[in-house]
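Structure, as structure tokens:
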Amino acid sequence: MIYKNITFQAVPFSYELSFNDRITLVGGDSGTGKTVLYGMLEDLKLTDKYHAIKLFNYRSEDFAERLEETAASQTLMVSPARSI
């Protein structure tokens with residue numbers, strides 16, 4: 001399943017994420033919230049509505065294999081501030 005939009009609340013904030021492609025890379029400077037976003041999406045993945053979200057951390061041992069297996073899914077990769 002490919003999600004074009006993901007909407008959720010993490011009190012006191014509301015989030016509306018829009019995706020233009022089936023694979024989304026998240027990067028940025030240190031301290032900008034990448035890890036927090038990753039954690040919120042891990043929790044959101046436990047719901048019936050968003051159970052098909054695929055999350056990858058490039059440091060995972062089986063990163064390349066898992067990414068290849070799920071290339072047709074909406075994917076989020078969180079990277080640290082330095083380039084991967």
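The values are calculated or read from the model by the stated rules, or taken from the named source; none is laboratory data. Worth saying up front: this structure is predicted, and the values here are computed from it rather than measured. Glycine also receives a Cβ, built like all others from the backbone with ideal geometry; neighbour counts cover every protein chain displayed. All accessible areas refer to the heavy atoms of the entire protein, side chains included, with ligands and DNA or RNA removed. Shrake-Rupley method; radii C 1.70, N 1.55, O 1.52, S 1.80 Å.
A compact table of results
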| read-out | value |
| --- | --- |
| Largest to smallest accessible area among TYR38, TYR15, TYR3 [probe 1.4 Å] | TYR15, TYR38, TYR3 |
| With DNA, RNA and ligands ignored, accessible area of THR47 (1.4 Å probe; Å², nearest 10) | 60 |
| The range 1-61, accessible surface, carbon-and-sulfur percent (1.4 angstrom probe) | 51 |
| Set of lysines with alpha-carbon distance to LYS4 below 17 Å, sequence-local pairs under 8 removed | LYS45, LYS49, LYS54 |
| Net +/- balance of residues flanking THR7 in space, Cβ distance below 12 Å, scoring K and R +1, D and E -1 | +1 |
| Area of ASP21 that stays accessible when all protein chains are in place (1.4 Å probe, Å², to 10) | 90 |
| List LYS54, LYS49, LYS34, ordered by accessible area with a 1.4 Å probe, largest first | LYS49, LYS54, LYS34 |
